[in-house]
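Comments concern the structure below.
The values are calculated or read from the model by the stated rules, or taken from the named source; none is laboratory data. Please read all numbers here as calculations on a predicted model, not as lab measurements. Note: ideal-geometry Cβ built from the backbone for every residue, glycine included; neighbour counts use all protein chains shown. For accessibility, only protein heavy atoms count, side chains too; no ligands or nucleic acids. Shrake-Rupley method; radii C 1.70, N 1.55, O 1.52, S 1.80 Å.
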Amino acid sequence: MVAAFHVGKAPPALPSIRAETGASLDQAGWLLSIVNLMTAVGGMAIALTADRLGHRRLILFGTAVSLATSLVGGAITSSDTLVALRVVEGLGFICVVVAIPPLLVRIAAPRDQRLALAFWSTYMPTGAGLMMLVAALTLRGLSWRWVWWLAAAASAAMLLALLVRTLQRSELDPVLALRRPILSEMAEVATSGGPLAIAVCFGAYSCCWFTVVGFLPTLQVERLGLSAETAAIVTAAVTFVNVAGNLCAGWLLQRNVPRVAIIVGAALSMAVCASAIFVDGVPDLLRLVLAGVYSAVIGLLPACLFTAIPVHAPRPQLVGAATGLLMQVSNFGALVGPPITAALVSRGGWPAAAWTTSIALGIAALAGVFLHWREKRKLAA
């Protein structure tokens with residue numbers, strides 16, 4: 001959740017950053033998404049490195065990187081330099097989030113794995129939403145730079161807590177096992193249909209979620225005439241609602257509701273809902289209500305996909321690599337979604353943003369159907 005603070009701090013601060021640095025809407029899109037570049041490029045390699053060096057060590061390293069980059073970022077005056085620094089910030093984020101699921105699978109009882117991973121999948125909406133709320137209150141009388149420094153302070157506190165509380169936990173130590181070369185294991189996971197379908201579905205989800213939540217403050221300020229503070233609070237509330245979807249998905253999966261029904265139902269209904277957020281002719285209040293409904297229902301997808309990883313990983317030793325692939329494609333979706341949307345909006349107005357969400361959610365539904373087919377084949381075998 002603290003790692004997600006560094007994702008959630010950007011959307012509420014965008015209007016302030018643009019006013020202070022003169023950043024264009026296109027630059028703002030990259031500022032939102034460029035933090036995902038490192039994960040989009042090296043998610044699986046970093047996950048396999050964590051398997052070898054130790055997941056706890058990567059979590060400590062990632063938290064330290066987040067601390068340093070956020071501390072320095074608060075002193076940056078150039079929007080281009082701030083964007084470049086967000087790339088390094090992405091390294092800290094990915095080191096944390098790919099190292100945790102393999103630890104959870106290892107220490108949770110088999111019957112509890114789905115529920116544990118469903119709870120863990122709430123880290124992004126909870127962490128990002130909390131940071132958005134804190135940012136809204138901070139931006140009331142201070143510069144966006146204080147938001148960056150507050151996120152750095154949170155990472156400093158977390159780093160200290162990790163050092164104090166985990167160093168004596170022997171069950172978190174690396175598990176010695178005979179491993180194949182990294183490139184060989186990457187190829188094994190990347191060519192496996194199940195992990196690939198999970199990753200594509202999550203990538204489509206991330207593209208849509210970051211597009212809607214990332215630009216929601218700007219949409220409210222520019223189109224609805226709300227203040228930056230009010231827009232940030234509304235966006236934080238919309239983000240928090242996503243947690244309900246994550247937890248609901250865990251509850252449904254524990255009661256053996258088919259994964260495909262959850263994924264396809266959520267994706268198709270949210271394609272309609274997301275379009276209504278951006279198109280003309282929708283009352284402003286209804287637009288914000290739909291944003292909340294969208295966030296809650298689309299939140300069903302992450303828990304469905306995280307809990308599918310142990311089922312579809314080619315081997316138990318490759319759960320971390322499969323998680324890395326999921327995060328890699330997920331962050332690719334988050335990387336390209338906001339800039340593509342910004343380009344569409346710059347040329348066709350806010351209604352053009354509906355193209356991004358409609359196409360991506362259609363891809364998510366198709367990936368969910370393919371994943372169901374793979375699960376049926378695996379059970380039949």
Can you list the DSSP H helices in the chain whose Cα atoms extend at least 18 Å along the helix axis and whose mean Kyte-Doolittle hydropathy is 0.5 or higher?
37-53, 55-73, 79-107, 123-138, 144-166, 193-222, 228-254, 259-278, 284-298, 319-348, 353-380
How big is the C-alpha Rg of the chain next to the rule-of-thumb value 2.2 N^0.38 Å, as a ratio?
0.94
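State the dimensionless ratio Rg/Rh of the range 250-337 (Rg: radius of gyration of Cα atoms; Rh: Kirkwood radius).
Over the Cα atoms of the range 250-337, Rg/Rh equals 1.07.
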Taking only protein heavy atoms and a 1.4 Å probe, what accessible area per residue, in Å², does the chain have with all protein chains in place?
39
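Does the range 28-98 come out rounded, prolate or oblate by the C-alpha gyration tensor, with a ≥ b ≥ c the root eigenvalues, rounded set by a/c under 1.5 and, if not, prolate when a/b is larger than b/c and oblate if not? Each step should come with its number before you reach the end.
Numbers: a/c = 3.66, a/b = 1.74, b/c = 2.10.
It comes out oblate by the Cα gyration axes.
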Using the C-alpha gyration tensor of the range 3-125, what are the square roots of 5 times its eigenvalues, in whole angstrom, with the largest one first?
31, 15, 11
Two-site FRET efficiency, Ala352 against Thr81, from Cβ-Cβ distance with R₀ of 45 Å, rounded to 0.05:
0.90
What is the sum of charges around Ala231, taking Lys and Arg as +1, Asp and Glu as -1, for the other residues whose C-beta is under 14 Å from the C-beta of Ala231?
+1
Before rounding to the nearest 500, sum -39500 (n - 2.57) across all DSSP H runs of length at least 4 in the chain and divide by the residue total; then give [θ] at 222 nm in deg cm²/dmol.
-27500 deg cm²/dmol
How much FRET efficiency would the formula 1/(1 + (r/R0)^6) give for Ser24 and Val289, where r is the Cβ-Cβ distance and R0 is 22 Å, rounded to 0.05?
0.10
Expressed in nm to one decimal, what extension gain is obtained for the pair Arg106 and Trp251 from 0.36 nm per residue of sequence separation less their Cα-Cα distance?
50.1 nm
Of 327-339, 44-56, 154-166, 283-295, ordering from highest average Cβ density within 10 Å down gives 327-339, 44-56, 283-295, 154-166
Please give the length that would be gained between Ala157 and Ala190 if that part of the chain were fully extended, namely 0.36 nm times their separation in residues minus their C-alpha to C-alpha distance (nm, one decimal).
8.2 nm
In nm, to one decimal, how far is the modelled label at Ser227 from the one at Arg180, with both set 7 Å along Cα→Cβ?
5.9
Decide, for the range 32-188, between rounded, prolate and oblate: order the square roots of the alpha carbon gyration tensor eigenvalues as a ≥ b ≥ c, take rounded if a/c falls under 1.5, and otherwise choose prolate if a/b is larger than b/c, else oblate.
prolate
